[in-house]
Structure formats: C-alpha cells, structure tokens
2 protein chains.
Amino acid sequence: MTYKVEKLKVNYKTLEEFKRFKEYGLQELSMLEDLEANIIENDSDSPFYGIYFGDKLVARMSLYQVEAKFNRYFNPPQDYLELWKLEVLPDYQHRGFGTALVNFAKCFGLAIKTNPRVKSKEFWERMDFTPVEYEMERDLGENPLVWFPKEINK
Amino acid sequence: MTYKVEKLKVNYKTLEEFKRFKEYGLQELSMLEDLEANIIENDSDSPFYGIYFGDKLVARMSLYQVEAKFNRYFNPPQDYLELWKLEVLPDYQHRGFGTALVNFAKCFGLAIKTNPRVKSKEFWERMDFTPVEYEMERDLGENPLVWFPKEINK
C-alpha cells in the first residue's frame with residue numbers, strides 16, 4: 001500500500017489535529033499564537049508533512065534543511081535535513097505510515113539527522129539510520145541518528 | 001527532608017544503575033564503551049549528578065556549562081547551564097527528589113536552560129522555569145525552558 005505524503009499548511013484545522021499527537025509542544029503553540037495574532041496568514045507553509053487516512057491526520061513529521069555552515073554532524077560540511085516529531089497515532093501504528101514518511105524524507109537527496117524518542121531503535125535500524133559518535137558538548141541529551149543518500153556506482 | 005546531591009563518577013556500578021532510567025541512550029552507551037576501551041579511567045568525572053536512597057541511585061540529572069560564545073538563548077550572551085536527563089525512578093517520584101536536583105542546579109549562580117520531556121509542564125512551572133520564544137531554526141523539536149538567578153535589590 002502506498003500513502004500520499006502531503007505538506008501541511010498552518011491553519012486551525014491542522015493545529016487542532018496536532019493536539020492528538022504526543023509530541024505537541026512549544027512549536028505548535030507558537031504556530032497557534034502566530035495565527036491568532038495574524039503574525040502568519042491562514043494556510044501558511046509549515047515544516048510539517050503528514051499522511052491523511054480518510055480526512056484524519058494520522059501521521060506527521062517535521063523537516064528542515066540545515067545549511068552547511070551550521071552543520072555539526074556531517075563531514076565534509078553539507079546541507080542536510082533535520083527530521084523531528086515523526087509520530088503515528090496509536091491506532092494507526094504498524095501499517096507503514098512512519099516508513100512512508102521517512103522514505104519521503106530520503107528522496108530529497110540530502111543526508112538526514114534525527115534525534116529519535118527512546119524505544120524506537122528497531123524502527124530506525126530498519127530505515128538504515130546509524131548512531132553518530134556521541135560528543136557531549138554537541139549532543140547533550142540527544143541520541144542523534146544519521147542517514148546518508150546512496151551513491152551511484154559505489 | 002533534605003537529600004544529598006552527589007556528583008556521579010563514571011564506573012561500572014553507576015553505568016549499571018543508569019540502565020534503570022528511561023532516558024538511557026547514546027550518552028550512557030558511549031561512556032560504557034569508553035570505559036571498556038580504557039579511553040576513560042574508572043571513576044572519571046561525569047556530567048551527572050544523582051541522589052542515592054540507601055545505596056540505590058533513585059534520581060539523576062546532567063549539567064553542562066555552555067560558554068557564552070555558544071549561547072543562543074540568553075541575551076546578553078552569558079555562560080549558562082544546560083540541564084538534561086532529569087529523571088526520578090517511578091517508585092521514588094513525588095517525594096522531592098526532582099526538586100532537590102533542580103534546586104542544586106540553581107545554586108551555581110548561572111541561568112539554566114532545559115528541554116524537558118513532554119508532560120512535565122507543572123513541575124517546571126513550580127520550579128520557576130518559563131518557555132522561551134520558539135524559533136524554529138534554533139529549537140526544532142525542542143521545548144526549551146529557562147530560569148534566571150534572582151538578582152539582589154531588584
């Protein structure tokens with residue numbers, strides 16, 4: 001089964017759907033405040049991508065392209081994607097929604113870094129992500145995992 | 001009741017006790033590997049502080065002083081403490097262990113930044129931590145909270 005991954009717009013409907021996700025936090029609250037204060041327009045772009053099942057948002061992630069000059073993870077420095085808030089609603093897990101989102105992220109041709117929640121180790125291994133060498137000053141409480149695009153003819 | 005907060009040394013006993021905490025991750029694994037490979041000595045310093053109840057480690061946190069030049073949270077730039085992996089074992093919660101650790105961190109005279117786990121909002125409010133203004137490029141999936149030392153005569 002293939003799922004359609006959609007770029008999510010910031011509007012009241014999306015922000016209401018976000019409340020169902022465990023990792024609802026300062027990012028979503030800040031988007032809501034900006035919308036209410038007319039600092040951002042309805043249907044503005046967001047860093048979120050999601051999958052709808054019927055008309056219900058059941059899976060989502062955030063993606064942001066970090067510029068090479070801010071890169072602390074990849075050598076030589078290169079632009080990469082930070083992936084966060086990957087989450088599938090409990091009733092929709094184990095059906096490939098998370099995999100579909102990560103595969104979507106892999107198709108931008110950039111390396112990816114993520115800092116997964118505890119207890120998702122097997123999932124990220126299946127997705128070919130590997131742990132970085134831990135550096136305290138950089139990583140603090142993070143458990144960074146990285147993925148590199150395949151290179152042709154290698 | 002007052003609890004004694006101790007700086008934890010890196011040794012096999014401490015690392016074994018760390019396995020009981022939910023947020024066991026790359027940081028602890030890296031310390032274990034370094035110890036096994038003799039890259040660090042037994043009883044080396046660690047960024048962890050903890051509280052023992054009897055001879056059992058029941059609460060812990062990590063603290064690291066971030067230099068002003070790397071500061072992205074406080075204005076004007078100043079050294080501050082990053083606090084992470086604050087955690088109390090389930091059977092020992094609601095007895096003041098977490099509070100004791102945070103109060104200990106407050107006594108260094110530096111501002112503190114932390115990125116708490118979801119669902120600890122009330123605790124951090126009681127501890128006088130406040131949310132920063134969310135900035136996506138900087139905060140990504142974090143929910144940063146900050147605390148400032150009181151100033152005399154203000």
From the options A:31, A:61, residue that is hydrophobic (A, V, I, L, M, F, W, C), within 14 Å of chain B (Cβ to nearest Cβ), without any contact (Cβ under 8 Å) to a residue 24 or more places away in the chain and buried (at least 16 other Cβ atoms within 10 Å of the Cβ): A:31
Of residues in segment B:72-84 being farther than 15 Å from residue B:147 by Cβ and touching a Lys or Arg at 6+ places or on another chain (Cβ under 9 Å), the one nearest to the other protein chains (Cβ to nearest Cβ): B:72
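Yes/no per residue for (1) over 20 Å from residue B:71 (Cα atoms); (2) at the interface with chain A (Cβ under 9 Å from one of its Cβ atoms); (3) of a type in the set (Gly, Ala, Ser):
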| site | (1), (2), (3) |
| --- | --- |
| B:111 | no, no, yes |
| B:118 | yes, yes, no |
| B:123 | yes, no, no |
| B:126 | yes, no, no |
| B:133 | no, yes, no |
| B:136 | no, yes, no |
| B:147 | no, no, no |
Within segment A:1-28, considering residues that are more than 14 Å from chain B (Cβ to nearest Cβ) and β-branched (Val, Ile, Thr), the one nearest to residue B:114 (Cα to Cα): A:14
Where a residue in segment A:1-19 is surrounded by fewer than 18 Cβ atoms within 10 Å (Cβ to Cβ) and its partner, wherever it lies, is in a loop (DSSP other than H, G, I, E, B), with Cβ under 7 Å and at least six apart: A:1/A:96; A:9/A:43; A:11/A:42; A:11/A:43
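Let's see how each residue does on (1) in contact with a Ser or Thr (Cβ under 9 Å, 6 or more places away or on another chain); (2) aromatic (Phe, Trp, Tyr); (3) modelled with pLDDT under 95:
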residue: A:101; (1), (2), (3): no, no, no
residue: A:108; (1), (2), (3): no, yes, yes
residue: A:111; (1), (2), (3): no, no, no
residue: A:116; (1), (2), (3): no, no, yes
residue: A:122; (1), (2), (3): no, no, yes
residue: A:128; (1), (2), (3): no, no, no
residue: A:142; (1), (2), (3): no, no, yes
residue: A:145; (1), (2), (3): yes, no, no
residue: A:149; (1), (2), (3): no, no, yes
All positions within segment A:86-99 that are within 12 Å of the chain's Cα centre (by Cα) and in contact (Cβ under 8 Å) with a residue 40 or more places away in the chain: A:87
Among (1) closer than 25 Å to residue B:69 by Cβ; (2) within 14 Å of chain A (Cβ to nearest Cβ); (3) at pLDDT 95 or above, the one test that residue B:87 misses: (1)
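The values are calculated or read from the model by the stated rules, or taken from the named source; none is laboratory data. Bear in mind the structure is a predicted one, so any value in this text is a computation, not a measurement. Neighbour counts run over all protein chains shown; Cβ positions are idealised from the backbone, glycine included.
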